Amino acid sequence: MNLPDRETAHQILAEAEARNPGPWAAHSRCAAQAAAILASGHPQLDPEAAYVLGLLHDIGRREGVTAMRHILDGYRYLEGLGYSAAARISLTHSYPIADLKCAAGLWDASEAEAQFVQDYLLRTPYDAYDHLIQLCDALSLPDGFCLIEKRIVDVALRYGVGPCSVARWQRYFEIQAEFERAIGHSIYAHLPGVVENTFAVLPNTGQAAAFLPKPLSQESR
Ligand SMILES: [Fe+2]
């Protein structure tokens, strides 16, 4: 697999975060941890590769505050570095359904670029790494892991919903079920902090906070 090692991947992410600071970088580090944890219980996945793929999946954010074009920017950047396995994940991570119309965000690139991404998705049968990062993207907030349902609502509140929303959510739950069959447990049994992050439980008291969860950031992640 054409991937940087963990240290190099962290350097790539740090440089990108300096160019475009935002919660997306913490979200990426969280997705990397989730990917490594879930991969360690999966018979076909390498936790180290999973970690690096999670770390770099949103690296297109280095180019600035954009919507869906971050996947294409990340693909081009990583291909340019020779990391084709990570470049692939940059394109596939936002599309549990391989249809450009079914992304959660707006497509802010040219028609030719959109066509390139659509063609790429159609000729790329997803493997377990594609599904792993799609799943980890869907459960990683900047502050930690959470219930997929919470993250889905977080994204819907920021970007709105469309005709594909329910089908895309359904697909996340199918991918979750695939992983749970493979690892033999609930994915949440392996991810620390899900209860605290999802339900705003105060960690030192075990009691639910009497206020609503933190306001959602307006910045993309
Ligand atoms: Fe992401």
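None of the figures in this text is laboratory data; all of them are computed from the coordinates on show. All values derive from a computational prediction rather than experimental measurement. Heads up, the Cβs are rebuilt from the backbone with ideal geometry, glycines too, and the neighbour counts pull from every protein chain shown.
Between the residues ALA177, TYR129, ASN2, the greatest Cα displacement towards the positive end of the dipole of the chain, with unit charges on the Cβ of Lys, Arg, Asp and Glu, is found for ALA177. Each Lys and Arg adds +1 at its Cβ and each Asp and Glu adds -1 at its Cβ; summed about the Cα centre, the range 6-199 shows a dipole of about 200 debye. Considering only Cα atoms, the convex hull volume of the chain works out to 122 Å³ per residue. The peptide list 26-34, 116-124, 171-179, put in order of mean Cβ contacts within 10 Å with the highest first, becomes 26-34, 171-179, 116-124. Helix 47-56 and the longest principal axis of the Cα set of the chain meet at an angle near 70°. Seen against the Cα atoms of the chain and their longest principal axis, helix 165-183 is set at about 80 degrees. Protection proxy ranking of 151-157, 51-57, by the mean of other Cβ atoms within 10 Å over each peptide's residues and highest first, is 51-57, 151-157. Highest-first packing order for the peptide set 137-149, 36-48 is 137-149, 36-48, based on the mean count of other beta carbon atoms within 10 Å. Angle of helix 128-137 to the longest C-alpha principal axis of the chain, folded into 0 to 90 degrees and rounded to 10: 50°.
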